[in-house]
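First comes the structure, then the notes that go with it.
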Amino acid sequence: MSIITIERKVLEKNDEIAGRNRALFAEHGLFVVNLVSSPGSGKTSLLERTLEHLKGMLNVAVIEGDVQTDLDAQRVARYGVPAVQIVTRGGCHLEANLVQDAVKNLDLRNLQLLIIENVGNLVCPANYDLGENMKVVIASTTEGEDKPLKYPVMFRNSSVLVINKIDLIPYLTFNLESLKQNALGINPQLEILETSCTTGAGIDKWCQWLVAHVEPHPKI
Amino acid sequence: MWLKGEEESVRRRSPHSMHELSIAHQIVEIVGQHVPDADTARVKSVTVRIGEAAGVVAESLEFCFTAIIAETELAGAALNIEEIPLMLKCSRCQTTTRGSFGVFVCPTCGGNTTIVSGTELNVIEIELEDEVPESP
């Protein structure tokens, strides 16, 4: 019997492409966020609010990941920003090579911020680096307080938590503080923001956060 | 100015519909890089090391691995999974403790911790059957 001893990262191919994506983004001074959440938390609504708010302030592009349909790219394109749709056809997450291909459809020279909306799923996208600067996890108030405990890897790997649908709190048995505590227990460094895409509450703070992270560099 | 709206679709047929399946494909690919084609049928087992916090379900990975190799030269190869516990080291008191999900703060002093182990996802060993000696 012979044994071949190796030590290879299973996801090394993805990580390698992600590294190339990251270098490309850095070369263009682009700030890239990977938006992750469960389905229905309001990722696309937050994106729409964000694009509306940032109009004329930042040059933004969007990569949309969905299992089927380009409905989200259509929603986003209404805001006059370049939007590329990735349809995974059953795939539960985006991988770095899909982003690498999608980026070819964008003129990076003109961009400052790239928002990648991942497939709605709190499990699989946690493992796949896309080359982003940060993962932003969205949890909505209707999902309850225990999401961080159930999906710790995602909350651990994210830099920011956006708590969405805060306008619904009066109608729910939802404890905002306990969601925050659960999230900070997993990741004490997590920055927490609160938004409502219905009332617009907190959108300005979220956009200020994005603007603050975009490199101040001249764009033609 | 960058105001002209445009929309393009990148439609891709992804071979994986859950991430354990995608991971199983990556494992098979790595095996192929270390074992010459002529020896593929000799692969008896593949050992992977998976951290408790890697976000991978062992049973699901095993199922996917078996399914994708079924009608290939690799058919019959076993997937051995070594699970690595989540270990945390406190940045304040330096104590190393066994982590449990939901708690990443130090149980001794309440300080912030860094992950020492438990996020691995590596292929570490491929076992080959002995070559059958050619009959005289």
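Values in this text are rule-based calculations from the coordinates and carry no lab data. Fair warning: this is a prediction, and the values are worked out from it, not measured in the lab. Note that each Cβ is placed from the backbone with ideal geometry, even for glycine, and that neighbours are counted across all protein chains shown.
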GNM flexibility winner over chain A from A:Ile169, A:Ile63, A:Ile116 (Cα, springs under 10 Å): A:Ile169
Radius 11 Å from Cβ of B:Gly51, net charge of other residues (Lys, Arg +1; Asp, Glu -1): -3
For the protein assembly as shown, size of Cβ-based charge dipole, Lys and Arg +1, Asp and Glu -1, in debye: 1500 debye
Counting DSSP beta bridges with both ends in region A:120-210, the antiparallel % (nearest 5): 0 percent
Label-point gap, in nm, between A:Ile6 and A:Thr199 - each point 7 angstrom along Cα→Cβ: 5.6 nm
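Only Cα pairs under 8 Å and at least 6 apart count here; give the relative contact order of region A:12-213 as a rounded whole percent. Mind showing how you got there, number by number?
On the way: 406 pairs, mean separation 51.8, N = 202.
Relative contact order for region A:12-213 comes out at 26 percent.
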Region A:12-39 versus region B:58-100: alpha-carbon centroid distance in Å: 25 Å
Chain A: most fluctuating residue of A:Glu191, A:Glu117, A:Glu12 per GNM, C-alpha cutoff 10 Å: A:Glu12
Point-to-point label distance, A:Lys150-B:Arg98, nm (Cα→Cβ direction, 7 Å offset): 2.7 nm
Region B:19-136 - percent relative contact order, Cα under 8 Å, separation 6 or more: 33 percent
Efficiency of FRET from Cβ geometry, A:Gln74 and A:Leu172, R₀ 35 Å, rounded to 0.05: 0.70
Pairwise centroid distance, computed over Cα atoms, of region A:160-202 with region A:61-118, Å: 26 Å
Residue among A:Thr173, A:Thr195, A:Thr88 with the largest mean-square fluctuation in a Gaussian network model of chain A, springs linking Cα atoms under 10 Å: A:Thr173
Antiparallel bridge percentage (DSSP; both residues within chain A; nearest 5): 0 percent
Ranked list, fewest to most other Cβ atoms within 10 Å of each Cβ, for A:Val136, A:Val123, B:Val103: B:Val103, A:Val123, A:Val136
Cα gyration tensor shape for chain A, rounded if a/c is under 1.5, else prolate or oblate: oblate
